[in-house]
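J.: A single structure is presented below for examination.
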Amino acid sequence: MKLTKKTRVKTPFLTYILIIINLIIFALEIKQGGSQNPEVLYDLGGLVPVKVQEGEWWRIVTANFLHFGHIHLLTNMIALYLLGRFVELQLGRTRYLVLYLVSGIGSMGLYTLIAIEQGKVNQVLIGASAAIMGLLGGIIALSFYAWLVEKSTLAAKRLVSLLLIVSLQFFIDFNTPQVSFLGHLLGLLIGFSLGLLFTFYRLF
C-alpha cells in the first residue's frame, strides 16, 4: 500500500503507550488482590454480558485492558509490540488507534449480543486479544490490497503467511477452553473490514 508522507509516522508511540496502559492496569490487578482473582477482574471491569445488559456498558471497553495472569499478559503484549508497530507505521496514528479500539470494543459488544441471544450471560471475557486480532485483520487487508491493486509479490507471500498464522491461532483456540474463539474471530473480521475501508476507500 502506497501511503502519503502525511499518513506515515516514524516512531510507533501509540503502540508503546497502549502497552504501558496494559502494564499499569495489570499492576493494579495485582495490587487489588491478584490478576487471577475473579472478583478483582469483575470489579475492574471484566466483560459480563448480563451486566452490560443491565447498563454497565463500560465493560466492553475496560475488559480490553485486563489480563488473566502473567502469561496471558506477556503473549498479548508481545503480539501488540510486533503487530502494532507495523500497523501504526503503515496506517498512521489515527487509523491505527481507530483500528485497535474499534476491533476490541466492537468485538466485545458483538460478543455480548451473541452471548445474550444464546443465554450465556454470565461468562466473563477479558484481554486485548480481540483488539490485537483486529490488527492482524488490518494487516491482512493491507496485504490483500497491495497484492490485488499494486501487484506486489511480497504482499502475496505475506498474505499466505498471515493466513497460516490465523489458522494456527484458531487451532489453538479450539483446543484451549479458556480462550474465546468467538472473540478472536470477531476482532479479526472487524479489523479486516476496517483495513479494507482504509485502503480501498481511504477512510480517514
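The values are calculated or read from the model by the stated rules, or taken from the named source; none is laboratory data. Note that the coordinates shown come from a computational prediction; the quantities given were computed from them, not determined experimentally. Virtual Cβ from ideal backbone geometry, glycine too; neighbours counted across all protein chains shown.
J.: Cβ-Cβ distance below 7 Å, separation of 6 or more or different chains: which pairs start in region 130-152 with a residue that is within 25 Å of THR62 (Cα to Cα) and end on one that is aromatic (Phe, Trp, Tyr) and buried (at least 24 other Cβ atoms within 10 Å of the Cβ)?
T.: ALA131/TYR100; GLY134/TYR100; LEU135/TYR100
J.: From the list VAL52, VAL124, exactly one residue is buried (at least 19 other Cβ atoms within 10 Å of the Cβ), touching a residue at least 24 places away in the same chain (Cβ under 8 Å) and either within 24 Å of GLY33 (Cα to Cα) or not hydroxyl-bearing (Ser, Thr, Tyr) (or both). Which is it?
T.: VAL52
J.: Among what's in region 149-198 and is charged (D, E, K, R) and in a helix (DSSP H, G or I), pick the residue that is surrounded by the fewest Cβ atoms within 10 Å (Cβ to Cβ).
T.: Only one residue fits best here, namely LYS157.
J.: Does any residue of region 42-62 turn out to be within 30 Å of ARG202 (Cβ to Cβ) and modelled with pLDDT of 95 or more?
T.: yes
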